[in-house]
Amino acid sequence: MDARNNFRQSVLDLSPYSVSGHPAKIKLNQNESPFDIPADLKKQIIEEFIKINWNRYPEVFSTVLPKRFAEMYDLPVKSFIVANGSNELIYTVAMSIVKEGTDVLIPQPTFYLFEKVAKILGGNVLKVYADSNLDFDEAGILKAASAMKSGLVIIGSPNNPTGKSVSPEFVSRLLESTPAVVLVDEAYIEFSPHRSLISLTKAQKNLVVLRTFSKAFSLAGLRIGYLVAHPDTTFEILKVKIPFTVNPLSEFTALKLLDHKELFTERIAFLKRQLARMTDDLGKMAGVSVVDSHANFFLFSTPLPAGKVFEELLERRSVLVRDVSSYPLLGNYLRVNVGTEDESASFVKSLRDCIEGSPRTQG
Ligand code: PMP
């Protein structure tokens, strides 16, 4: 029997999620932090974790972190939903809103997961493409969003993979112009000059903001993401959420990290300086074009085909970046994230060698 006949057409049409996972010495392809949690802090966390009963379920929905966030942001505890990474929350929000034929406006190019989830659910994906500088077409987004009768608008700000962001003033205008729910994914906001939209959720019931510990907070491996919205809005979204997805180790670690904010403030400042240095270095290379970014990564193109640059960097020099040339508008672009000082410098040197065709260093 062919089991495939049972699957929904929207699922059969999808391709699997994959990240080019080649092992590499210098890994700059997933926008992670290059810095791990300090060993002494990890040890303290593990010692606490040993005392917890592993045979017991955690809370159905974590309240420990929401209580902490409520103090941090001066919002009600019920404004927050914590999950096993923000990817889970993208699914949860979409599942609570999108059904067959629902309009889902997704400015392009962006994080592919947004479109994937919308398509799984049978949503009608509406696309507004960025301008020639890869900036958001704000007028186009406002026009498309104001024509929607209901549904979902999903914006990454700063946006992966362009690094571009929208201002809080633009989002306020967007919220006024559409009855749809506006989901703003702020996975990289800590690197941006713009302030977070979280405080707007107090007054705006159709705004949902997503945040994650995976990038600026060095915690991609333990999976903590959270959502912020008006309590009336989280009330509906929470009905859809899978229970028990936040494990106590991750929850406790996230809490501990909030006690060490100064460490991350320093790291963020370092990474921002490093981004400026990398983009400056690449900008000086003949034929290389760099896209200004508000995140911990940026796009660049070179006179060589993106696929060739990707392979040269990986196979000859063990530097892993992301080839994003299959994304709309990104014909010859690659994406690289900021690494440690040494990693970033190695990437810059390897790219220069690759473009100038000088002798290869074996990776
Ligand atoms: N949103 C965006 C825009 C991202 O780029 C990523 C990571 N690739 C995520 C969400 C996923 O974050 P998390 O690790 O919290 O699931």
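Take Ile37 and decide whether it is over 16 Å from the mean Cα position of the chain (by Cα), within 16 Å of the ligand (Cβ to nearest atom), assigned to a strand (DSSP E or B) and of a type in the set (A, V, I, L, M, F, W, C).
Details: over 16 Å from the mean Cα position of the chain (by Cα): yes; within 16 Å of the ligand (Cβ to nearest atom): yes; assigned to a strand (DSSP E or B): no; of a type in the set (A, V, I, L, M, F, W, C): yes.
Answer is no for this residue.
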Q. Which of the residues belonging to the range 155-179 are within 16 Å of the ligand (Cβ to nearest atom) and assigned to a loop (DSSP other than H, G, I, E, B)?
A. Ser157, Pro158, Asn159, Asn160, Pro161, Thr162, Gly163, Lys164, Ser165, Val166
Q | Asn55, sole failed condition from (1) away from the ligand (no atom under 16 Å from the Cβ); (2) assigned to a loop (DSSP other than H, G, I, E, B); (3) surrounded by 15 or more Cβ atoms within 10 Å (Cβ to Cβ) | A | (3)
Q. Is it fair to say Leu152 is within 14 Å of the ligand (Cβ to nearest atom) and in contact with a helix residue (DSSP H, G or I) (Cβ under 8 Å, 6 or more places away or on another chain)?
A. no
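Rundown of residues vs (1) in a loop (DSSP other than H, G, I, E, B); (2) farther than 23 Å from Ala130 by Cα; (3) modelled with pLDDT of 95 or more, yes/no style:
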| site | (1), (2), (3) |
| --- | --- |
| Lys308 | no, yes, yes |
| Arg316 | no, yes, no |
| Arg335 | no, no, yes |
| Phe347 | no, yes, yes |
| Ile355 | no, yes, no |
**Q.** Any chance Lys205 is under 18 Å from Thr110 (Cβ atoms), outside any helix (DSSP H, G or I) and in the same structural domain as Pro158 (by TED's automatic domain parsing)
**A.** no
Q: Spot the failing condition for Tyr327; the list is (1) on the phi < 0 side of the Ramachandran plot; (2) touching a residue at least 24 places away in the same chain (Cβ under 8 Å); (3) in contact with a strand residue (DSSP E or B) (Cβ under 7 Å, 6 or more places away or on another chain); (4) part of a loop (DSSP other than H, G, I, E, B), and only one is missed.
A: (3)
**Q.** Check on Asp74, under 26 Å from Lys241 (Cα atoms) and at pLDDT 95 or above
**A.** yes
(Q) I need every pair where a residue in the range 1-26 that is at pLDDT below 90 has its Cβ under 7 Å from the Cβ of a residue that is exposed (fewer than 10 other Cβ atoms within 10 Å of the Cβ) and part of a loop (DSSP other than H, G, I, E, B), sequence separation at least 6 or different chains. (A) none
**Q.** Unmet requirement for Asp135, which otherwise passes all of (1) more than 27 Å from Leu255 (Cβ to Cβ); (2) part of a loop (DSSP other than H, G, I, E, B); (3) within 16 Å of the ligand (Cβ to nearest atom)
**A.** (3)
Q: Would you mind telling me which numbered condition in (1) within 16 Å of the ligand (Cβ to nearest atom); (2) assigned to a strand (DSSP E or B); (3) within 30 Å of Ala139 (Cβ to Cβ) Ala94 fails?
A: (2)
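Can you tell me which residue among Leu227, Leu238, Leu222, Leu255 is at pLDDT 95 or above and surrounded by 23 or more Cβ atoms within 10 Å (Cβ to Cβ)?
Working: Leu238 fails: surrounded by 23 or more Cβ atoms within 10 Å (Cβ to Cβ); Leu222 fails: surrounded by 23 or more Cβ atoms within 10 Å (Cβ to Cβ); Leu255 fails: surrounded by 23 or more Cβ atoms within 10 Å (Cβ to Cβ).
The conditions single out Leu227.
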Q: Could you grab me the full set of residues in the range 24-45 that are of a type in the set (A, V, I, L, M, F, W, C), buried (at least 19 other Cβ atoms within 10 Å of the Cβ) and within 14 Å of Ser344 (Cβ to Cβ)?
A: Ile26, Leu28
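Which of the residues that make up the range 207-236 are away from the ligand (no atom under 16 Å from the Cβ) and touching a residue at least 60 places away in the same chain (Cβ under 8 Å)?
Step one: list which residues in the range 207-236 are away from the ligand (no atom under 16 Å from the Cβ), which gives 207, 229-236.
Once the filter is applied, which keeps residues that are away from the ligand (no atom under 16 Å from the Cβ) and touching a residue at least 60 places away in the same chain (Cβ under 8 Å), the range 207-236 yields Ala229, His230, Pro231, Thr234, Phe235, Glu236.
The values are calculated or read from the model by the stated rules, or taken from the named source; none is laboratory data. Small disclaimer: the values here were computed from a predicted structure and weren't measured. Note: ideal-geometry Cβ built from the backbone for every residue, glycine included; neighbour counts use all protein chains shown.
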